[in-house]
Each structure stands twice: as structure tokens, then as C-alpha cells.
Amino acid sequence: MRVLEADLTWTGNRFESGVQVAVGEDGRIAAVGALGRTPDARLAGRALLPGFVTAHSHAFQRGLRGRGETFPRGSGSFWTWREAMYDLVSRLDAATFRALCVQTFREMRAAGVTAVGEFHYFHHREESPDAADYEFDELVLAAAAEAGLRIVLIQSYYHTGAVGQPLEGAQRRFRSPSPKVYWEQMERLAGLIDDSNRQHGQGRQSLAASVHSLRAAGPDDLAAIYDEARRRDLPFHIHVEEQQREIEDVLAYYGQRPMALLLETLGTATDLTAIHCTHTDGEEMERFLAAGGTVCFCPLTEGNLGDGIPAAPRSHPTSGAFCLGSDSNARISPIEEMRWLEYGQRLATESRGALRNEEGNVAKLLLDAATLGGAKSLGIDAGRIAPGLWADFAALDLGSPMLAGWTPETLLEAVIFGATEGVVAATCVGGEWGEGR
Ligand SMILES: [Zn+2]
């Protein structure tokens, strides 16, 4: 057991001083409060936050950073960006793929992230029409272990290239032939994860299920995989309504918009996270949240791709209803994701304080999205500094000039609206500290 004491500790509603955090040998928090112990580690000049959770990432897309930002043939779109992404996919060998994942996961950790939900659909070494090696699945897990990051591998089912269309070209490296083969691979991955967790003496890796989108699978496969995920008590993720064209295609083929089709097909949203919801009808988003769903926004990626600004519901500020993802990893900064979630709403509604909780507090709602909302979405014991949860922390440098003038009452707002990830001094995953930047 080791006892930590920082100058300030986030206890769920505010920063408090004099708070000690006892961390057990198992990497979990044993106790929090005025424990009256002599601390083993005095974190002077530091404020302790729960580590950030990035609930939606495609680590390999880090390879596109800085590319595709000039537009010689006129303005681009999500779909022209996707062509550039497929070009990257067709060129990546195993070593480069793994190196990109390690780079992304290290950068996340330096930005204060302690757990990632890696939405992984890039399974195969080759573009062959019957590719079945799944070599890249293991590389993602190995890369996260190398970076010391907690990972939930969100293994994604990708069956069609567009609504009702076969896979083509680079998409064949994403191929999932059937739900049966999908679950066989999940069994193999569960075995690998058990080995990795034993090796590290902790549960740092776990699995979630996923269907890429209603572009990549029909309602029958969606229902089959979701039902089996429920039976196995695994979280389930799916991209929903990021682009108008997805809505048009699904509407033309199935006679319903994707969110409506999703809700009708599954009948519930328990343990279900919908990624983006950029063009989701406000009433349908309310229905989805009321059915137990979580919405994952990815403001920096949505901004980079020109997706649009989602209509985040105002009447549903429940903690854990929202989470955040770095998605394309064009920029990795949970602080900036929080800021732009609120700023997007401000710009769209010409008002301030769009995403506030019942006390009118914006920053707390944003922090909850970046921590406990992500942990809920991924099904991990994290997201708060509380007994029984993993000892996953981000330590902030209170001496940073970016935070000058802070008080315990304004520190969270100063971080979210005035700072970059440069204020992250160090992160801790399961009780093990690593350097910040
Ligand atoms: Zn995505």
C-alpha cells in the first residue's frame, strides 16, 4: 500500500486539499480522504485528477496527421478524407501499423489519458478477398502494453463496403465474414488478454464488441452481435450519423434513419455507445439516452473533417450520458476536446453555458464526459478517484504559467478553457507513474 498526497485532489465535485489516496498492490485505490498517514509520495505543486478516458480512437489514423490539408481540386469532405485514409490503409505493413499505434498511445498518455477505447476494424495484413489472419488485432494490444496504457479493444465487425454493397480494395483489410467467425476471433483475443493481464499482474486490457456502422453491416448482423455482447456482458459501440450521406443511404435502403433503425432493431440501448451522432435528430437522441445509451462526441475530429455540430440535448445533463473520443487522432488533447465540445455548442446556439449541469456548471459536466462517461462507456472501473477503482490519475502542474491566478474554485475552468495538455505533469495507470511531457 502506498499513500499519495497532492496539493489538491478532485473528489468528484471540487478540488480539495489534505486528501490522501491509498493505492493497493493490486493497482486499485484502497482509500481516499483524511487518512492521517505520512504520505509515501508528496506530490507538491500538483493537482490530482482522474486520468482522462478516450472512448473512441483509431490509432493508426495518426499516420495522416498533417496530410490532406490542402485542397487543389476544390473543397474536400469526409469522403475525400476517407480516400486518403484508405490510401494509408493500403500501404501499411505490420511494423508501421504497430509503430503508429505505439506513437499514438504514448502521445495520449503524455496528454493525461490513462485509458483508451480503441475502435479497431483494421484486422488483416493483406487486401485478399478472403483475408483471415487478424494479425493487426494483436499488434494493437501489444502497442498499448508497450505504452503502459489501459486499453479496451473494441473489436469491430465490418462486413459491407457501403449499405448493401460488397467490400472493395483497401476495405478488404477490415473484413469480418460472419458473426460466427467474429466471435471465434473474440475468443482468441480473450485468451491473449488473459495472458497479458497475468503478465502485468493487473487487468489492464479488456474487450468490447462493435459493429462499425450501418454502412458496414445490416440490421440482422447488428442484432446478432449486440445480443451476444449483452449475453457476455460486453460494452457495444457503433458509429451513428456522422455524415448526411449515411442517413440518406440508410433511409433509401431501409426506409428509416440510422438511429431510428438502431433503436427499433435492438429495442434498448443498454451498454450501447453511439459515436458522433452529428446529424441525429434531437428527439431521437433523447430516446437513445433515455434507453440507457451513451453518446461519444469527437469534437476535434468532427471539426477537422467538417462533419458538423451535433445537437447535444440540454435537458439531459446526467453524468455519464456523454463521453469523448480522439477518433482520427489528428490532434490528441482531452483538454481541447472538452473545450471544443462546449465551444461548438456556443457557436451553434449563439449562447454560453450550453452544456451545463443543474447547478449551471459547465466544466464539471465536461470533465465527467472526459473521465467517468468514458469509463462507463468502456465498462472499466475508472473515471473517479474513489475506493475500489483503478489508480488511474493525471497530475497537473499548478506552477504552469497557463494556470497562473488559479484558485481551488476556478482551477477546473482554468484548465479546460485556458490550458493545453502542457499542464499535465505525469500520469499514473494502475498505480504506476509515467512521465508527462
Ligand atoms: Zn471513428
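Observations
- The residues on offer are 342, 359, and the sole one that is in the same structural domain as residue 119 (by TED's automatic domain parsing), under 22 Å from residue 12 (Cβ atoms), away from the ligand (no atom under 16 Å from the Cβ) and in a loop (DSSP other than H, G, I, E, B) is 359.
Residue-wise test of (1) surrounded by fewer than 24 Cβ atoms within 10 Å (Cβ to Cβ); (2) part of a loop (DSSP other than H, G, I, E, B); (3) in contact with a strand residue (DSSP E or B) (Cβ under 6 Å, 6 or more places away or on another chain); (4) not assigned by TED's automatic domain parsing to the domain that holds residue 354.
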| residue | (1), (2), (3), (4) |
| --- | --- |
| 275 | no, no, yes, no |
| 280 | no, yes, no, no |
| 283 | yes, no, no, no |
| 286 | yes, no, no, no |
| 289 | yes, no, no, no |
| 304 | yes, no, no, no |
| 308 | yes, yes, no, no |
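- Note on segment 184-217: residues that are crowded, with 18+ Cβ neighbours inside 10 Å and not in a strand (DSSP E or B) amount to 13.
- Residue count, segment 383-400 (criterion: part of a strand (DSSP E or B) and among the charged types (D, E, K, R)): 1
- Where residue 256 falls short, out of the listed (1) within 16 Å of the ligand (Cβ to nearest atom); (2) part of a loop (DSSP other than H, G, I, E, B): (1)
- Of the strands (runs of 3 or more DSSP E) entirely within segment 13-74, those holding at least 2 residues that are in contact (Cβ under 8 Å) with a residue 12 or more places away in the chain and closer than 22 Å to residue 332 by Cβ occupy 41-50, 52-57.
- Qualifying residue in segment 255-265 (condition: free of Cβ contacts under 8 Å to residues at least 40 places away in the same chain, surrounded by 17 or more Cβ atoms within 10 Å (Cβ to Cβ) and small (Gly, Ala, Ser)): yes
- Among the criteria (1) within 16 Å of the ligand (Cβ to nearest atom); (2) over 14 Å from the mean Cα position of the chain (by Cα); (3) of a type in the set (Val, Ile, Thr), the one residue 70 does not fulfil is (1).
- Selected residue (criterion: nearest to residue 377 (Cα to Cα)) from residues of segment 231-252 that are away from the ligand (no atom under 16 Å from the Cβ), surrounded by fewer than 17 Cβ atoms within 10 Å (Cβ to Cβ) and not polar (S, T, N, Q): 233
The values are calculated or read from the model by the stated rules, or taken from the named source; none is laboratory data. Nothing here was measured: the structure is a model prediction, and the numbers come from that model. Here the Cβ is made from the backbone with ideal geometry for all residues, glycine too, and neighbour counts use every protein chain on show.
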